[in-house]
Amino acid sequence: EKNIADKAMRIVEAAGGPESGAILGEGKVISVSRVLKTGHSYGVLEINGQLSDGRKATLNIPFKNENAYVEAVLEDGEKKILAAVPDLIVVLDAESGAGLGTPEFKYGLKVVVLAIAASPRWTDTPRGMELGGPKSMGFEEVEYVPIGKYSEPRSVIDVFGGL
């Protein structure tokens with residue numbers, strides 16, 4: 001368990017650290033609903049687990065080929081949107097640490113959920129939000145609140161150029 005938390009933290013660090021990303025929660029997949037329409041896979045991933053602050057919650061992640069947003073439903077019934085597109089919502093397999101695409105979501109998997117800040121190309125213009133925000137995926141009611149501040153990734157040329 002510890003090394004997956006480490007791996008998740010390393011992903012957040014690589015994305016620019018706590019001001020650019022966050023581990024939202026973890027738990028076990030209790031249901032995946034899928035509908036195929038117009039060539040897109042729509043559905044909802046439902047995770048029973050806990051938030052990063054330790055509170056028990058159900059995490060619902062609606063998706064349309066990619067994860068749209070993360071909603072936490074707390075034990076008292078309170079609902080909170082924890083992250084939304086265009087920020088990147090990542091679901092990791094807690095056993096292997098591998099990133100899971102929506103086709104790999106299945107009942108019983110243990111997962112860790114992260115969010116990473118989107119590029120200002122998406123977030124800083126009405127057009128970017130129109131194309132990449134929650135409303136672009138049909139979620140009119142979801143308010144986008146940035147997970148953090150985008151951090152320019154290290155260039156692969158800088159990282160591997162000397163090899």
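The values are calculated or read from the model by the stated rules, or taken from the named source; none is laboratory data. Keep in mind it's a predicted model, so treat the numbers as computed, not measured. Methodologically, a virtual Cβ is constructed for each residue, glycine included, from the backbone with ideal geometry; neighbour enumeration extends over all protein chains shown. The accessibility values were calculated without ligands, DNA or RNA, using every heavy atom of the protein model including side chains. Shrake-Rupley method; radii C 1.70, N 1.55, O 1.52, S 1.80 Å.
Tabulated data
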item	result
Cβ-based net charge around residue 57, under 15 Å, with every Lys or Arg adding one and every Asp or Glu removing one	-2
Using a Förster distance of 25 Å, the FRET efficiency for residue 130-residue 60 (Cβ separation, nearest 0.05)	0.55
Solvent-accessible heavy-atom area per residue, rounded to whole Å², over the chain at 1.4 Å	57
Backbone N within the stretch 79-98 under 14 Å of label point (7 Å from residue 44 Cα along the Cβ vector)	79-81
Percent accessible area from carbon and sulfur atoms, the chain, protein chains only, probe 1.4 Å	54
Computed lengthening from residue 145 to residue 74, 0.36 nm per intervening residue step minus Cα-Cα distance	23.6 nm
Kirkwood-type radius of the stretch 1-145, with distances r between different C-alpha atoms, in Å	15.4
The stretch 7-86: equivalent-ellipsoid semi-axes (sqrt of 5 x gyration tensor eigenvalues, Cα, Å)	22, 18, 11
Residue among 99, 49, 77 with the largest mean-square fluctuation in a Gaussian network model of the chain, springs linking Cα atoms under 10 Å	77
Nearest-10 value in Å² for the accessible area of residue 31, using the 1.4 Å probe	40
Accessible-area value, residue 9, 1.4 Å probe, nucleic acids and ligands omitted, Å²	80
Potential extension, residue 96-residue 35 segment - 0.36 nm per residue separation minus Cα distance	19.2 nm
FRET efficiency estimate (nearest 0.05) - Cβ-Cβ, residue 107 to residue 81, R0 30 angstrom	0.80
5 Å binning of all Cα-Cα separations within the stretch 54-100, expressed as whole percents from 0 upward	5, 20, 23, 23, 20, 8, 1
Dipole magnitude of the chain, debye to nearest 20 (Cβ charges: Lys/Arg +1, Asp/Glu -1, about Cα centre)	340
Relative contact order computed over the stretch 18-163 (Cα-Cα under 8 Å; 6+ residues apart), in percent	24
Area of residue 156 that stays accessible when all protein chains are in place (1.4 Å probe, Å², to 10)	100
